[in-house]
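Every read-out reported here was derived from the displayed coordinates using simple, explicitly stated rules and does not represent laboratory data. Worth saying up front: this structure is predicted, and the values here are computed from it rather than measured. All Cβ positions, glycine included, derive from the backbone under ideal geometry; neighbour counts span all protein chains shown.
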């Protein structure tokens, strides 16, 4: 009987702990989403933790409970954005791994455009942090940008060897592709009002990707024989 009672009461005793863990996870997600929005709009210096808490709809002390300080929250928010971005690019490359080099890069560009549309903070955060030297920019480069860029530089060099990409500094070509693919979408509000470009339209997103390919990858992979 003691064994049966013990087995029956243990699961019940764990329920409050599980509910608390679930609430904690939900709160963290709310704070990260609010932080991404706030930091991308106002930068690190222009954002207060109180503003983030208000956007998230949680009590201000919960920020230090979950993330210790504003710097740690910024890193966690940036990490979320760039990890999701890297996963989307990785999925695009995996889906096109049997394709020719140009088609693989085309798939990568299209994934870049669509992720940048879904998460404007991707480029807004970089613009905010790249405006002056700071440890957050160093962290972002070391942990996310450089690993991604180094791999892509090699892809551009391969496309140059087979006559698809124009000659020139492959690192410069990649960054021009990057800014055309994603940075353009960070100006969505301005483009809509100044140029009547609707970045909410899938047709526009596809046109951006197609134009980037035509401009930066004008050649075709020759087939032997």
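Below, the figures for the structure above:
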item	result
Helix 101-118 axis, angle to the chain major axis (alpha carbon atoms, nearest 10°)	50 degrees
Helix 146-161 vs. the chain, principal-axis angle (Cα, 0 to 90°, nearest 10)	20 degrees
Net length gained if the chain between residue 154 and residue 103 were fully extended (0.36 nm per residue, minus Cα distance)	16.8 nm
Expected 222 nm ellipticity per residue - DSSP helices of 4 or more, -39500 (n - 2.57), all of the chain, to 500	-24000 deg cm²/dmol
Helix axis angle, 2-42 relative to the chain longest principal axis, alpha carbon, degrees	40 degrees
Calculated FRET efficiency for the pair residue 220/residue 69, C-beta based, R₀ 45 Å, to 0.05	0.30
Per-residue Cβ neighbour rank within 10 angstrom, fewest leading, 123, 59	59, 123
Computed over the chain: relative contact order in percent, which uses C-alpha pairs under 8 Å that are six or more apart	20 percent
Computed E for residue 142/residue 41 - FRET, C-beta separation, R0 25 angstrom, nearest 0.05	0.50
Cα centroid separation - segment 97-160 against segment 168-197, whole Å	12 Å
Neighbour-count order for 196, 33, fewest beta carbons within 10 angstrom listed first	196, 33
Cα-based convex hull, the chain, per residue volume (Å³, whole number)	195 Å³
Gained length - residue 210 relative to residue 84, 0.36 nm times residue gap less alpha-carbon distance	43.0 nm
